[in-house]
1. Each residue of region B:282-292 in turn: what ³J(HN,Hα) in whole Hz from Karplus with 6.51, -1.76, 1.60 and θ = phi - 60°, glycine and Pro shown as x?
2. Averaged over its residues, how many other protein chain Cβ atoms are within 10 Å of peptide B:324-337's Cβ atoms?
3. Considering the convex hull of the alpha carbon atoms of chain B, report its projected area averaged over all viewing directions, in nm², one decimal.
4. Please list 3J(HN,Hα) in residue order for region A:95-103, calculated via the Karplus relation 6.51 cos²θ - 1.76 cosθ + 1.60 where θ = phi - 60°; whole Hz, with x for glycine and proline.
5. Tell me what the protein assembly as shown gives for mean residue ellipticity at 222 nm when only DSSP H runs of n ≥ 4 count, each as -39,500 (n - 2.57), the sum divided by the residue total, rounded to 500 deg cm²/dmol.
6. Highest GNM mean-square fluctuation, chain A, Cα pairs closer than 10 Å: which of A:100, A:217, A:295?
7. Taking neighbour counts of Cβ atoms within 10 Å as a proxy for exposure, in what order, fewest first, do A:63, A:143 appear?
8. Kindly write out, for region B:243-253 in residue order, the coupling ³J(HN,Hα) from the Karplus curve 6.51 cos²θ - 1.76 cosθ + 1.60 (θ = phi - 60°), rounded to whole Hz, with x marking Gly and Pro.
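Throughout, read-outs are computed from the coordinates displayed, never taken from laboratory work. If you're wondering where the values come from, they're calculated on a predicted model, not measured in any experiment. Please note: Cβ atoms are built from the backbone with ideal geometry, for glycine as well, and neighbour counts cover all protein chains shown.
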2 protein chains.
Amino acid sequence: MNTIFEGGITSPKGFLAAGEACGIKKNGKKDIAIISSIDTAVAAGVFTTNKVKGHSLQVTMEHIKSGYSRALVINSGNANACIGEQGYKDAVEMAGLTANLLQCEPEEILIGSTGVIGVPLNMPSVRSGIRLAVQRLSENGGHDAEEAIMTTDLRPKEIAVEIEIQDAKVIIGGMAKGSGMIHPNMATMIGVITTDANISRGLLDKALKEAVKKTFNRVSVDGDTSVCDMVVAFANGEANNSGIVKESVDFEAFKKGVEYVCTFLAREIAKDGEGATKLVEIAVNGASSEVDAYNAVCSVAKSPLVKTAIFGEDANWGRILTAVGYSGADFDPNLVDISIGSLMVCRNGCALDFDEAAAKKILKEKEIKIAINLKKGQYSDRMWTCDFSYDYVKINGSYRS
Amino acid sequence: MNTIFEGGITSPKGFLAAGEACGIKKNGKKDIAIISSIDTAVAAGVFTTNKVKGHSLQVTMEHIKSGYSRALVINSGNANACIGEQGYKDAVEMAGLTANLLQCEPEEILIGSTGVIGVPLNMPSVRSGIRLAVQRLSENGGHDAEEAIMTTDLRPKEIAVEIEIQDAKVIIGGMAKGSGMIHPNMATMIGVITTDANISRGLLDKALKEAVKKTFNRVSVDGDTSVCDMVVAFANGEANNSGIVKESVDFEAFKKGVEYVCTFLAREIAKDGEGATKLVEIAVNGASSEVDAYNAVCSVAKSPLVKTAIFGEDANWGRILTAVGYSGADFDPNLVDISIGSLMVCRNGCALDFDEAAAKKILKEKEIKIAINLKKGQYSDRMWTCDFSYDYVKINGSYRS
């Protein structure tokens, strides 16, 4: 059983963090974060599948290959992407400077950058920011670090859970940023998971990948995926459990804990989607294959017509069925049932004479569930998204300017 | 050479049309159209690939199999989709009634319906509308018919061209509706092409399919495709040319004419995209395959982030490169050039220090061209889309209510 408490990435033992403002963001908000383990931790990561990859992300993908890491440096306000050679050099310099200050190898430092694409990093600011953040590293710095990675996020996304395994209590903490350009594999999001569990690198990697698939890779805000997305997990062993080295009961408990943390953060991202007024959970059941279930749920979650209808609190289920129709999923339109909340609005592909007032009431809620049953097989999937509002257009019409 | 003139589907010889208001639309606007050839015409069609298909469309797909048709009846305001058996019966009745009035076989009548999904047709209105429209059929009825098929369209879309073939002058007319739920294969669009050419059914079909691929299937407003989309072409032979029965010079001239008509209408659809303030043409060159070119152009044309940036007149080319990045196309990010209008903003995957004022000036235009060169191969594609504005959200947040 997980015990959830207020906290974040510095809740597990042996993690320090800081978040500072160094001048990358024009508005003076916090823009540089460091998360550090007091001793080298095993590390695992999941990275964007976009063919274009930011320079900082490229460096991180190389450094994480060893499986060990001391710290993660993240700047917001600039994606450090599409700059050419200089961008890569800047990321290498960030790692080198941090390693020097923390007295470790540059390869033990991971780098994340998020923000505008195609603008060179302001390196004098970055350098002074890294120096300041290393000085300020503290056991209470988790929240500051979260604030420093936010871009268009309206609220911080943090959580910590305590799990019991055979001979110890283990804490898993997490934080994330992400609000727009959100779609599987992966969104403009950065997620950081820290834990004091003593676990092998291979199993940390496995737990993270499985959790990400079901959580962060099941959030869609606008169908766009960015060049800087990553979720990184650190485990430093400070909980002094006897070590999770095989797929045991302890591993299952650990995995459940990681999934809990990732689920919480993924839902927070959808809720905080740019301009979002509602969190929408789309579930597809009865698909003939895993791929069909995914394609169907993905197509509905991405549809601007479905999302604007939800913003307008309009039970326009025809758009939901239509989106399933062009998803590529194999199904029989004459079998499909669709429910909005507890109200079935379409049975066997046909309109039901449902109570419009009841539908309106459900659609006025802040969290809405849409369930689609294809009644064809045994496969299911679900995805979180949000509605599509005027503010999405406003936020994204003037992001760069 | 094509001569373009003001006109539409009744410009070719031997076509009559009418558009009337019969009460399907609550606002009293025209909602029923009939397009009829004075004698049986050869007919060809292209239909939605959505697995969910409207009942009227299903009837049309059956009736067009013979290759001959006398008339097309279209109602707007109701898609006649997802109603169950009654919807199919209603479409059959529409064909039967029209056939009876025009004294032909029901199989010679094609039916189109566009509008809200899941609501049964108001058949008393439809019946009186068909009776009235048949009475009013006239050589000057093209524009009325166009008005009667519009839903959220802000303006009619019509054109006629005259082409010269060896022994005659041939006229090709066209009209279309479509504004939202627009994406290849096919959009919520209906297109009607009429011609007095004497051409075999096989070659009419071939000319139409090739034109549609390059035109209507290269328009994206929001990535959604509907259940009622169709483009239908009629050729009645009234021009008395000696008959196009093989792939001759005459066939090439005819095909060019059809493509011209379809290109015009497709661009009009993008321009009139729901809430659109700008027509955007995306071109991808230098792709390694036809599929890569298509995937890349499609991904950029669909991206809400690209489309909101254009609405905001923000030269955020990073989003363009990012959309190519997740398109699935095979390319090297370090080779990509991107231009907005005549201004190159990214070379070899890197930011150029371009003149922001010049970019702003280009983005203030009503028609914007974006060119992406992958510099990897010989394949190209292009697609029309529009920007994504507050009004898209407004229009689609309350369509059904």
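1. Residue by residue, region B:282-292 yields 9, 10, 10, 10, x, 7, 7, 7, 4, 5, 4 Hz.
2. 4
3. 18.9 nm²
4. Each residue's phi maps through the Karplus curve to give 5, x, 4, 5, 4, 4, 5, 8, 6 Hz.
5. Value at 222 nm, helices only, nearest 500: -10500 deg cm²/dmol.
6. A:100
7. Exposure proxy ranking, most exposed first: A:143, A:63.
8. For region B:243-253, the Karplus-derived couplings read x, 8, 10, 9, 6, 9, 4, 4, 4, 4, 5 Hz, x marking Gly and Pro.
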